[in-house]
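Below is one structure, written out as structure tokens; the observations come after it.
The values are calculated or read from the model by the stated rules, or taken from the named source; none is laboratory data. Just so we're clear, the structure is a prediction, and the values are computed from it rather than from any experiment. Here the Cβ positions follow ideal geometry from the backbone for every residue, glycine too, while neighbour counts run over all protein chains shown.
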Amino acid sequence: MPRTPMPEREGRLRALDFEEVNLGYTDQLAILEATRCLQCARPVCVDGCPVGVKINDFVAAVADGRFDEAGRIVATDNSLPAVCGRVCPQEIQCEGACVMGRRSSPIAIGHLERFVADRARGRGGEQAPATAPSGWSVAIVGSGPAGLACAADLSRLGHDVTVYEALHEAGGVLVYGIPEYRLPTAVVEAEVGRLEEMGVVFELNAPIGRAESIDDLLDRHDAVFIGIGAGLPRFLEVPGEHLVGVQSANEFLTRVNLMGANRSDAETPVLVGKRVAVIGGGNTALDAVRTALRAGADSATVYYRRTEDEMPARREEIRHAREEGVHFEFLLNPVGFGGSERVETMELVRMRQTEPGDDGRRSVEPIEGSEVAVPVDTVVVAVGNAPNPMLSGTPDLTMSRRGTIVTDEVGMTDKPGVFAGGDIVTGGATVILAMGAGRRAAQGIDAFLRSGALVEID
Ligand code: FAD
Ligand code: SF4
């Protein structure tokens, strides 16, 4: 049986608005897809999932129509299943390991996970069992997937949890980076709402490191978890990058996603010109280019210095972008921008692949004299992010040369009582890895609080 396609909105029509592209499986489609699963004796898909979701068990429950049970099985290992089902790079994780991939196409694990999570959300979700209050209080800095997952587990363990978030909305990249048409804000809001019901307090517009330091937080909390992500955009550092109309993907996406800057009545609208060029090949580049189309660009093109096969973006995003009318240009790298005040042209050099090195990987190098110039009105640079530097001056917090926070395997830093996880520790990674790090740190914090170490610190 072929893989059950995800119902989705028609490409050109959906590029006109921010409504979700994928519509979700119905009960019948979910059962149809789940019955394709071979129920392997050794389910290698579970090894492919960074948090070890018991995929074989939840898929078997879906196949039997036991949807609530399927939801419970997923929720044991994954506290953000409605998010992960939508945005995990399944092709290199769970689905990449699925043996059905060798015979035909892998089981649509992500689509099924989304199905059970959405169904549980629609029914109000599971009530967390009441836990006796521990009397300890923990501060979480940053409300991305690492912070949210850490907050959920600590609250379940009976601790008082306060989340400090710099922006005016909770969710981290899930709300300011990933657009609505891929991950509706309502999904993240439901998760934040669930945490609030459990007693987690959210302090928004609270950037730690400015008015308040980590040491200030340690004065009123017993432990701190830092999950501030890798939100500092990298630039190309080529001539003309200062011109009006050249901006980072972070700025572009945050302004559209959080401030509605694509609307003409916005206080500071983003000026999306007719011809938009997006530089990069990851999820961020794809989110920016598809957002540019929805914000009114006549043409939107991705320029990537390697080949399509090497693009780190999820395959589904690349396919969706093409269907919506996005153009792709490969083996081209910007070397400068021209214009008097606003950007008018982008200069690119053609790249070629080198012979494979000792590790078997090909690199790319510029072809001398191959420069071309293309007319552009807006350029969005999406070539990666560096760790957020706001807490780098915190005393006793060891940072790596890359600017990440150094921790042990449960997220404990060198500063007593302070833990960290997610992109601020690994550098830019994925939602599921950040979430897994938040959960491990919650266990580490709980063990730390109960160990008596706190008394020694006091
Ligand atoms: P973040 O999600 O970055 O959250 C950090 C939070 O901390 C933010 O809310 C920030 O405002 C807050 N903060 C920062 N400094 C402070 C401070 N000093 N005080 C208080 N709060 C602070 N991954 C996938 O798996 N699939 C995808 O499809 C995908 N698409 C992506 C698209 C984009 C545009 C981007 C940028 C990333 C994408 N990623 C994707 C990567 C993924 O979103 C990140 O790896 C993940 O969100 C990291 O989680 P985090 O909790 O560590 O940090
Ligand atoms: Fe796959 Fe991600 Fe779900 Fe794990 S959390 S089963 S990797 S979709």
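May I ask you to list the residues in the stretch 244-259 that are closer than 13 Å to L232 by Cβ and surrounded by 24 or more Cβ atoms within 10 Å (Cβ to Cβ)?
Scanning the stretch 244-259 gives a single hit, A249.
Filter the stretch 221-256 down to the residues that are assigned to a loop (DSSP other than H, G, I, E, B) and small (G, A, S), then identify the one that is modelled with the lowest pLDDT.
Of everything passing the filter in the stretch 221-256, G231 is modelled with the lowest pLDDT.
For the stretch 266-288, which positions are of a type in the set (D, E, K, R) and in contact with a Leu (Cβ under 7 Å, 6 or more places away or on another chain)?
Once the filter is applied, which keeps residues that are of a type in the set (D, E, K, R) and in contact with a Leu (Cβ under 7 Å, 6 or more places away or on another chain), the stretch 266-288 yields only D287.
Taking the conditions exactly as written (of a type outside the set (D, E, K, R), in contact with a Lys or Arg (Cβ under 9 Å, 6 or more places away or on another chain) and in contact (Cβ under 8 Å) with a residue 12 or more places away in the chain), does P43 satisfy them or not?
It is true that P43 is of a type outside the set (D, E, K, R), in contact with a Lys or Arg (Cβ under 9 Å, 6 or more places away or on another chain) and in contact (Cβ under 8 Å) with a residue 12 or more places away in the chain.
Tell me whether the stretch 187-199 contains one or more residues that are part of a loop (DSSP other than H, G, I, E, B) and modelled with pLDDT under 95.
yes
Give me the pairs, please: first residue somewhere in the stretch 246-271 and in the same structural domain as L167 (by TED's automatic domain parsing) and at positive phi, second residue anywhere and surrounded by fewer than 16 Cβ atoms within 10 Å (Cβ to Cβ) and at pLDDT below 85, beta-carbon distance under 9 Å, and either six or more positions apart or on two chains.
Pairs that qualify, where the first residue is in the same structural domain as L167 (by TED's automatic domain parsing) and at positive phi and the partner is surrounded by fewer than 16 Cβ atoms within 10 Å (Cβ to Cβ) and at pLDDT below 85: there are none.
Could you check the stretch 141-156 and list, in sequence order, the residues that are over 17 Å from the mean Cα position of the chain (by Cα), within 16 Å of T76 (Cβ to Cβ) and not charged (D, E, K, R)?
A152
L218 versus (1) away from ligand 1 (no atom under 14 Å from the Cβ); (2) assigned by TED's automatic domain parsing to the domain that holds R440; (3) modelled with pLDDT under 95: which is the lone unmet condition?
With respect to (1) away from ligand 1 (no atom under 14 Å from the Cβ); (2) assigned by TED's automatic domain parsing to the domain that holds R440; (3) modelled with pLDDT under 95, L218 is out only on (3).
Are there any pairs, at least 6 apart or on different chains, whose C-beta atoms fall under 8 Å, with the first in the stretch 427-440 and near ligand 1 (Cβ under 6 Å from one of its atoms) and the second part of a helix (DSSP H, G or I) and of a type in the set (D, E, K, R), and if so, which?
Listed pairs, sorted by first residue: A429/D423; A434/D423.
Is it the case that L148 is within 16 Å of ligand 2 (Cβ to nearest atom), surrounded by 24 or more Cβ atoms within 10 Å (Cβ to Cβ) and not hydroxyl-bearing (S, T, Y)?
yes
Within the group G360, G428, which residue is surrounded by fewer than 13 Cβ atoms within 10 Å (Cβ to Cβ) and not in a helix (DSSP H, G or I)?
The conditions single out G360.
Which one is farthest from ligand 2 (Cβ to nearest atom) among residues in the stretch 62-94 that are in contact (Cβ under 8 Å) with a residue 40 or more places away in the chain and more than 18 Å from the chain's Cα centre (by Cα)?
D68
N56 passes all but one of (1) within 16 Å of ligand 1 (Cβ to nearest atom); (2) buried (at least 18 other Cβ atoms within 10 Å of the Cβ); (3) of a type outside the set (A, V, I, L, M, F, W, C); which number fails?
(1)
Which numbered condition in (1) touching a residue at least 40 places away in the same chain (Cβ under 8 Å); (2) buried (at least 21 other Cβ atoms within 10 Å of the Cβ) is the only one that Y304 fails?
Y304 satisfies every listed condition except (1).
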